[in-house]
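The values are calculated or read from the model by the stated rules, or taken from the named source; none is laboratory data. Computed from a predicted structure; not experimentally measured. Positions of Cβ are generated from backbone atoms using ideal geometry, with glycine treated the same way; all protein chains shown enter the neighbour counts.
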Amino acid sequence: MKPLYVAMSLLYLSAPAAHAQDADVEEGFSLIEEGAKMLMRGLISEMEPAMSELRGQLEEIGPEITEFVQQMGPAFSEFLSRVDDFRYYEAPEILPNGDIIMRRKPAAPDWTPDETPGDIEL
């Protein structure tokens, strides 16, 4: 019976220490959480002027972008249907007369179009 009392006494005496450790861990986590919150608030306050400026610029060019997409959307869609994979092409090159060409890389596999395109206007 005496070992039972000893074991119970040790358990009872170690319980406050374990509770204190749990409290320290919880306090540590709450401090880390507060630090993370402060960091995020600082980042947001630093980014706010840049985001406001970007928002203003987007509002200015919004109608122009919309018009561009309406006019160029169909042509861009047709262009994408003629390109199999952009990895197989060099960077676009602008010729002195303003034409833009995209050369296929020499190591690219042969390309066979899904359908024969119509006449190409030069």
(1) modelled with pLDDT of 85 or more; (2) over 23 Å from the mean Cα position of the chain (by Cα) all hold for Gly28 apart from (1)
Filtering the range 71-100 down to residues that are loosely packed, with under 10 Cβ neighbours inside 10 Å and either at positive phi or at pLDDT 85 or above (or both) yields Arg87, Ala91, Pro92, Ile94, Leu95, Pro96, Asn97, Gly98, Asp99, Ile100
* Say whether the condition of being within 27 Å of the chain's Cα centre (by Cα), in a loop (DSSP other than H, G, I, E, B) and not basic (Lys, Arg) is met by at least one residue in the range 60-81. => no
